[in-house]
Amino acid sequence: MKIGSFESKPVSPSQGTERKGPSATVPAKGPEAAAPSAQVALSPAASLLVKAADDPAFDAAKVERIAAAIREGTYQINAEAIADKLIVNAEELLGRKIG
């Protein structure tokens, strides 16, 4: 299916490097150069992620050990422990004891 004509032309290194528009202006020097050009506000979810990244409960070495075991094919999955934790989680969500 052909939508329209498209003609591709090679671009030499000197072509396409000229900047136009606001980004082409030369940055200011002096005190006005230190003023921020934009403000960024993090969403509450992003703030939680930043806070979690600084969490000492995160063990990067443990994550790397598990990732290495998965890559090497030696990681063992304990299905019984996973099932037990799923049941406890369901109990917490439902607010009652199951079984």
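The values are calculated or read from the model by the stated rules, or taken from the named source; none is laboratory data. Computed from a predicted model, the values in this text were never measured in an experiment. Neighbour counts run over all protein chains shown; Cβ positions are idealised from the backbone, glycine included.
What the table shows:
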item	result
Verdict on residue 45 being surrounded by 10 or more Cβ atoms within 10 Å (Cβ to Cβ), modelled with pLDDT of 85 or more and assigned to a helix (DSSP H, G or I)	no
Test: residue in the stretch 15-34 that is polar (S, T, N, Q), at pLDDT 85 or above and not in a loop (DSSP other than H, G, I, E, B)	no
